[in-house]
Each structure stands twice: as C-alpha cells, then as structure tokens.
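Here the structure comes first, spelled out in structure tokens, and everything after it is commentary.
The values are calculated or read from the model by the stated rules, or taken from the named source; none is laboratory data. Computed from a predicted structure; not experimentally measured. We place every Cβ from the backbone using ideal geometry, glycine too, and count neighbours over all the protein chains shown.
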Amino acid sequence: MIDTEQLSKIAIQALDDLKAVDIGVIDVRGKLDITDIMIVACGTSNRHVKALANNVIVESKEKGVPPLGVEGEREAEWILIDLGDVVVHVMLPSVREFYGLERLWSVDTEASELNSALDASADATSTDKH
C-alpha cells in the first residue's frame, strides 16, 4: 500500500518529468475530510496541461493507484485528478491565478501565524508591565 507521501512524490515526479511549471504542494490535513494533500501545477498550453495530467494518471496507475476521478480533460484549462489522499490540479497559469487555490488554503495558516505572533506580543507586553 502506498502512503500519502509516496503518492505525492509519484505525482510530483510525473509532473516534473514533463516540465510542469511552478509545482506547489498544499497540506490540507485537518482542513478537509476528503483529501490530505493538494498538488498544484501549471502547463504552458492546453495540450501541455493535458499531457501533464495524463502522465500523472499513467504513473499512478502503474504504481497501483488508479484515479478515483478525473475532471476537466475536454477543455484542458484545469484538470483535477483525484487520487484519494492526494488531489492533483493541473492548470493554465491564468486559471491558477484567477482561482488562487494556494491563497484559499493558506488563509488558516496565515491567520494562525498572525494570532501566534499577536499572542507572543501580548505576552511580552504584559510581562513588561509587571
């Protein structure tokens, strides 16, 4: 059985093999019940997006993990490959910019980091007053 990290590496390598642009990994454990890792990558054209997605599908099948679903192949502007614990999004750069998945899923992380910084600042201030 392939674990989440191994499956992520398989998908990333499949994308890298065909020169995907700007591969990003988003850890959504604890934020979503449907998956643990989202991998986002860009292709330079519709044809490139389709080839990248196809390579992820072929490589995951060869490793014994066929996709649970694939969406968007016809238009090839944004193809989603559901591998269970890992979901791969292959997009044109303009689509990626418009939807901003990285911004969407990093909001909680940024808010947590900001709250931690504010708490630390408040603790330091209250310590100074005593």
Legend entry - Selection status of Val49, within 19 Å of Ala76 (Cβ to Cβ) and among the β-branched types (Val, Ile, Thr): yes
Inset, instruction - Look at Val65 and say whether it is assigned to a loop (DSSP other than H, G, I, E, B), closer than 20 Å to Ser8 by Cβ and either of a type outside the set (D, E, K, R) or at pLDDT 95 or above (or both). - result: yes
Inset, instruction - Considering each of Glu5, Glu97, Glu59, Glu75 in turn, give the residue that is assigned to a helix (DSSP H, G or I) and touching a helix residue (DSSP H, G or I) at 6+ places or on another chain (Cβ under 8 Å). - result: Glu59
Inset, instruction - Pull up region 8-23, narrow it to residues that are in contact with a helix residue (DSSP H, G or I) (Cβ under 6 Å, 6 or more places away or on another chain) and in contact (Cβ under 8 Å) with a residue 60 or more places away in the chain, then point me to the one that is nearest to Glu59 (Cα to Cα). - result: Ala11
Legend entry - Subset of region 82-100 (residues that are in contact (Cβ under 8 Å) with a residue 40 or more places away in the chain and either of a type outside the set (A, V, I, L, M) or within 15 Å of Gly43 (Cα to Cα) (or both)): Asp82, Gly84, Asp85, Val88, His89, Val90, Met91, Leu92, Pro93, Arg96
Legend entry - Out of Asp3, Asp36, Asp22, sole residue that is modelled with pLDDT of 90 or more, acidic (Asp, Glu) and surrounded by 13 or more Cβ atoms within 10 Å (Cβ to Cβ): Asp36
